[in-house]
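Enquirer: A single structure is presented below for examination.
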Amino acid sequence: MTAMKPILLAEDNPRDAELAMAAMEEQQIADKVVLCHDGAEVLDYLYCRGEFTSRLKGNPAVVFLDLKMPKVNGLEVLRVIKSDAALRPIPVVMLTSSREERDLSESYSLGANAYVVKPVEFHQFVSAVKELGMFWGVINEPPLKGPAPDISRDRGSVTTPLRVLHLEDNPTDADLIATMLTEGGIPCVSRRVDSRDAFVRALKENQTDLILADFSLPGFDGIVALEQARALAPDIPFLFVSGTLGEELAIDMMQRGATDYILKQRLGRLVPSVQRALRAFQDHVERTRAETALRESELQLRQAQKMEAVGRLAGGVAHDFNNLLTVIMGHSQVLLNDMGPDHPQRSKIEEMQKAGERATALIRQLLSFSRKQPSEPRVLDVNAVLTDIESMMRRLIGADIDLALKLSPEPLRVTAEPSQLEQIIINLVINARDAMPNGGQLLIETSASYLAGTPAYHLRPLTPGSYVRLSVSDTGCGMAPEVQAHIFEPFFTTKEEGKGTGLGLSTVFGNVTQSGGGLDVASVIGRGTRFDVYLPSATVETKNAVNPDLTQPSPGGQETILLVEDDAGVRELLRDELRKMGYRVFEAKHGLEACLVGTQQMGELQLLLTDVVMPGMNGTELAKHLRVIKPGLKLLFISGYSDDVHIGAGDPSSAYLQKPFSLETLARTIRELLDRKPTGVIRPIP
């Protein structure tokens, strides 16, 4: 049986670590487990740093990562592992108590092989993984990046042929040196050159692991050779093997960048010197790789922190913006209601109303991108969405790119969140635009498609069946295979610093997979790129929408309402319109004032209409206070914060409206709420 590889377990919770180790002991594999207490220790182990400097090289069989850890969290460690070609094949299992969909989606998008939510039956889990053979070392070790050979530290020997570039004009000496290397446990493929042109040409081919050079050659000396090597291959070990190199000159060459020098009269030092140089080179490669991964991780962390700041800013801006939109759209609706259909100014007011609706959609897209807008998927016609945003796409790509839409003649329905579907389209269009800096053609196609297999890019295998295919093709620069392999990774970008976040295509991947779909990508350098997005066809038919705001009068009543709103513009608008509907309205600027007014008028009060976020006492606290006095009081919460959308959920005597809302929607919601018969059960307000 093949020797078992180590198992790397990263867990900062002592209790969970104890349970995991107990399970490993029962499986008789605990002696192979390396326990780390945070993400930094995991990276030290993988890159042989810190306390793991002296460990035998090699990847673990599997890595278990806790999602939340001090210093470096599990997602950051996962990102480093999957961005390093040498570490990427390691299976990674995320062990976490997080049930947030965002953590699950990000883990899989970064390349996690499994995501297990605690508490978990470790015995069953470890046994299952063991049966798969992951612990038994059946996963091959990946090759090192770059030209470094595979050096075994304990034997000091090379297991793969060493590519030697030998600058030597004496064939006999060259053969002798190659033979000594082979007999010394360093099998090599030696390429002898004896001129400057041949030496430079060989360096430019980048097929060299070691440079050996005589110091004195006809028309070409060692000083120039060393300068050329350090210019074209600065990291490759360079050893002088010469019979004419004095000690002072040799020291000077070492100071200029030579790795070592060996006299031909003392070739006994050759093999140990080469072994030492190759080990030092391999250490340098691994250290550089680790430093690069750390820098990338730090950059990604800073970018993630920026996005978190943007998300917080978006939430605050949305609140104020939604209050403004409520006033703008409310007063424009008032004007429309007062105008006849032939009024000369009606079309201008209608355009103002439409602008407000577009602004509402814009703020929802911003909140969706910052993950502060709750997802509300519904059945959409992809063709209709494309038609609605066609003018926006044309403005985005500019006049030098020809946009053509080739849409299916029949409706193509999918179940998706509207802003997420628009994000998919817009981000693909922007990506195509950036690939055509000198102009070109952009084609967007839609069609019905039957999938028997899963597209190349997916989160989970797709069920065979009917799908909607959305294709975006450009005639741009195209992508090399090594670039295409990373395009959906968060923060990966080929654009220069300051011109791209690396989040566009990763957002596309996240939105597509969240909707149950997948993607295919085809690209040819110089000929363009095609993205094929597959989304499951919706089985529910869309109904012909009837806008009740335009067909039904606003329902009113004579009940008494306490209106509480700290924004004066919103409060005055709602007060005036509610009174027009026939309601008796008392108003308050904040929660404390509302307590006084509500307590005095409680006998007549039938509905509390309150903003959620207010200074001093917020809307939910106010509602709880008044419900103590009058348990049957009806509650209508309004808010510009999308985080408040679940307030009052499950309480039949309460409702919620997200700002901005139309006055007709407000009127219907109030009437429906007041007309509900008491159930006798009043649920606590969250």
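The values are calculated or read from the model by the stated rules, or taken from the named source; none is laboratory data. Model, not experiment: these values are computed from the prediction. Heads up, the Cβs are rebuilt from the backbone with ideal geometry, glycines too, and the neighbour counts pull from every protein chain shown. These area figures cover heavy atoms from the full protein model, side chains too; ligands, DNA and RNA do not enter into them. Shrake-Rupley method; radii C 1.70, N 1.55, O 1.52, S 1.80 Å.
Enquirer: Does ASN140 qualify as being open to solvent by 40 Å² or more (accessible area, probe 1.4 Å), under 29 Å from the mean Cα position of the chain (by Cα), modelled with pLDDT under 70 and more than 15 Å from GLY39 (Cβ to Cβ)?
Expert: Against the criterion (open to solvent by 40 Å² or more (accessible area, probe 1.4 Å), under 29 Å from the mean Cα position of the chain (by Cα), modelled with pLDDT under 70 and more than 15 Å from GLY39 (Cβ to Cβ)), ASN140 qualifies.
Enquirer: Tell me, yes or no, whether segment 582-592 has at least one residue that is open to solvent by 10 Å² or more (accessible area, probe 1.4 Å), of a type outside the set (Ser, Thr, Tyr), assigned to a helix (DSSP H, G or I) and without any contact (Cβ under 8 Å) to a residue 24 or more places away in the chain.
Expert: no
Enquirer: Is there any pair with a first residue in segment 192-214 that is within 24 Å of ARG279 (Cβ to Cβ) and touching a residue at least 60 places away in the same chain (Cβ under 8 Å) and a second that is part of a strand (DSSP E or B) and open to solvent by less than 20 Å² (accessible area, probe 1.4 Å) whose Cβ atoms are under 8 Å apart and which are 6 or more apart or on different chains, and what are they?
Expert: These pairs meet every condition: THR208/VAL164; THR208/LEU165; ASP209/LEU162; ASP209/VAL164; LEU210/LEU162; LEU210/VAL164; LEU210/LEU165; LEU210/LEU239.
Enquirer: Which is touching a Leu at 6+ places or on another chain (Cβ under 7 Å), hydrophobic (A, V, I, L, M, F, W, C), modelled with pLDDT of 85 or more and over 18 Å from ARG289 (Cβ atoms), of LEU46, LEU78, LEU35?
Expert: Details: LEU46 fails: over 18 Å from ARG289 (Cβ atoms); LEU78 fails: over 18 Å from ARG289 (Cβ atoms).
Exactly one of LEU46, LEU78, LEU35 is touching a Leu at 6+ places or on another chain (Cβ under 7 Å), hydrophobic (A, V, I, L, M, F, W, C), modelled with pLDDT of 85 or more and over 18 Å from ARG289 (Cβ atoms), namely LEU35.
Enquirer: Still on this model: Restricting the search to segment 35-82, which residues are among the aliphatic types (A, V, I, L, M), over 20 Å from GLU18 (Cβ atoms) and open to solvent by less than 40 Å² (accessible area, probe 1.4 Å)?
Expert: Matches in segment 35-82: ALA40, LEU43, LEU46, ALA61, VAL72, LEU75, VAL77, LEU78, VAL80, ILE81.
Enquirer: Now, a different point. Checking the structure you have, find out if any residue of segment 355-370 is modelled with pLDDT of 80 or more, within 30 Å of SER473 (Cβ to Cβ) and among the small types (Gly, Ala, Ser).
Expert: The answer is no; no qualifying residue exists.
Enquirer: So which pairs qualify, if the first residue must be in segment 621-650 and modelled with pLDDT of 85 or more, the second must be open to solvent by 50 Å² or more (accessible area, probe 1.4 Å), the Cβ gap must be under 6 Å, and the two must be at least 6 apart or on different chains?
Expert: Hits for this filter: PRO631/ILE682; GLY632/PRO678.
Enquirer: Oh, and also: Please work out which residue is farthest from VAL241 (Cα to Cα), limiting yourself to segment 189-221 and to residues that are charged (D, E, K, R) and open to solvent by less than 60 Å² (accessible area, probe 1.4 Å).
Expert: ASP209
Enquirer: Select from segment 459-479 the residues that are open to solvent by 70 Å² or more (accessible area, probe 1.4 Å), part of a loop (DSSP other than H, G, I, E, B) and touching a Phe, Trp or Tyr at 6+ places or on another chain (Cβ under 9 Å) and write down the one among them that is farthest from ILE424 (Cα to Cα).
Expert: PRO464
Conditions (1) assigned to a loop (DSSP other than H, G, I, E, B); (2) more than 25 Å from ARG302 (Cα to Cα), marked per residue:
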{"position": "ASP16", "(1), (2)": "no, yes"}
{"position": "GLU25", "(1), (2)": "no, yes"}
{"position": "SER54", "(1), (2)": "yes, yes"}
{"position": "LYS82", "(1), (2)": "no, no"}
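Enquirer: Which condition from (1) more than 17 Å from ARG191 (Cβ to Cβ); (2) out of contact with any helix residue (DSSP H, G or I) (no Cβ under 8 Å at 6 or more places or on another chain) is the one that GLY222 breaks?
Expert: Here GLY222 meets the rest and fails (2).
Enquirer: Could you list all residues from segment 238-252 that are of a type in the set (Gly, Ala, Ser) and either in contact with a strand residue (DSSP E or B) (Cβ under 9 Å, 6 or more places away or on another chain) or touching a residue at least 40 places away in the same chain (Cβ under 8 Å) (or both)?
Expert: Scanning segment 238-252 gives SER242, GLY243, ALA250.
Enquirer: Could you tell me which of the residues LYS495, LYS499, LYS543 is modelled with pLDDT under 85, surrounded by fewer than 20 Cβ atoms within 10 Å (Cβ to Cβ) and closer than 21 Å to GLU417 by Cβ?
Expert: After ruling out the rest, the residue left standing is LYS543.
Enquirer: ILE236 - would you say it is within 50 Å of the chain's Cα centre (by Cα), within 21 Å of PHE199 (Cβ to Cβ) and either aliphatic (A, V, I, L, M) or buried (at least 21 other Cβ atoms within 10 Å of the Cβ) (or both)?
Expert: yes
Enquirer: From the list GLN423, GLN441, exactly one residue is surrounded by 13 or more Cβ atoms within 10 Å (Cβ to Cβ), in contact (Cβ under 8 Å) with a residue 40 or more places away in the chain and either hydroxyl-bearing (Ser, Thr, Tyr) or farther than 26 Å from SER107 by Cβ (or both). Which is it?
Expert: Working: GLN423 fails: either hydroxyl-bearing (Ser, Thr, Tyr) or farther than 26 Å from SER107 by Cβ (or both).
Only one candidate qualifies: GLN441.
Enquirer: Output the qualifying pairs, or none if there are none: Cβ atoms under 9 angstrom, residues six or more apart or on different chains, first residue in segment 561-580 and in a strand (DSSP E or B), second residue hydroxyl-bearing (Ser, Thr, Tyr).
Expert: That search, which allows pairs on different chains as well, returns ILE561/TYR583; LEU562/THR610; LEU563/THR610; VAL564/THR610.
Enquirer: I would also like to ask the following. Quick check on this structure: which one of ALA568, ALA655 is in contact with a Ser or Thr (Cβ under 8 Å, 6 or more places away or on another chain), within 25 Å of GLN353 (Cβ to Cβ) and modelled with pLDDT of 85 or more?
Expert: Result of the check over ALA568, ALA655: ALA655.
Enquirer: If you don't mind, another one. Condition (residue is farther than 20 Å from ALA258 by Cα, open to solvent by 80 Å² or more (accessible area, probe 1.4 Å) and out of contact with any Gly (no Cβ under 7 Å at 6 or more places or on another chain)) applied to segment 222-232: is it met by at least one residue?
Expert: No: zero hits.
Enquirer: Take the conditions of a type in the set (Gly, Ala, Ser), open to solvent by less than 70 Å² (accessible area, probe 1.4 Å) and part of a loop (DSSP other than H, G, I, E, B) and apply them to ALA250. Does it pass? Outline the logic, then answer.
Expert: Values: of a type in the set (Gly, Ala, Ser): yes; open to solvent by less than 70 Å² (accessible area, probe 1.4 Å): yes; part of a loop (DSSP other than H, G, I, E, B): no.
Judged against the criteria, ALA250 is not a match.
Enquirer: Being free of Cβ contacts under 8 Å to residues at least 40 places away in the same chain, part of a helix (DSSP H, G or I) and under 16 Å from GLU168 (Cβ atoms) is the requirement here; does GLN255 meet it? Explain how you work it out, then say what you get.
Expert: On the way: free of Cβ contacts under 8 Å to residues at least 40 places away in the same chain: yes; part of a helix (DSSP H, G or I): yes; under 16 Å from GLU168 (Cβ atoms): no.
Criteria not met by GLN255.
One line per residue, one yes/no per condition, for (1) over 13 Å from LEU663 (Cβ atoms); (2) under 45 Å from the mean Cα position of the chain (by Cα); (3) aliphatic (A, V, I, L, M):
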site	(1), (2), (3)
ILE561	yes, no, yes
LEU574	no, yes, yes
GLU587	yes, no, no
HIS590	yes, yes, no
GLY598	yes, no, no
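Enquirer: Write out, first by first residue and then by second, each pair whose Cβ atoms fall under 8 Å of each other, whose residues are 6+ apart or on separate chains, and whose first residue, in segment 159-187, is over 18 Å from LEU203 (Cβ atoms) and among the β-branched types (Val, Ile, Thr) while the second is outside any helix (DSSP H, G or I) and open to solvent by 60 Å² or more (accessible area, probe 1.4 Å).
Expert: That search, which allows pairs on different chains as well, returns THR159/ASP150; THR160/ASP150.
Enquirer: Mind checking which residues of segment 84-110 are of a type in the set (Ser, Thr, Tyr) and outside any loop (DSSP other than H, G, I, E, B)?
Expert: THR96, SER105, SER107, TYR108, SER109
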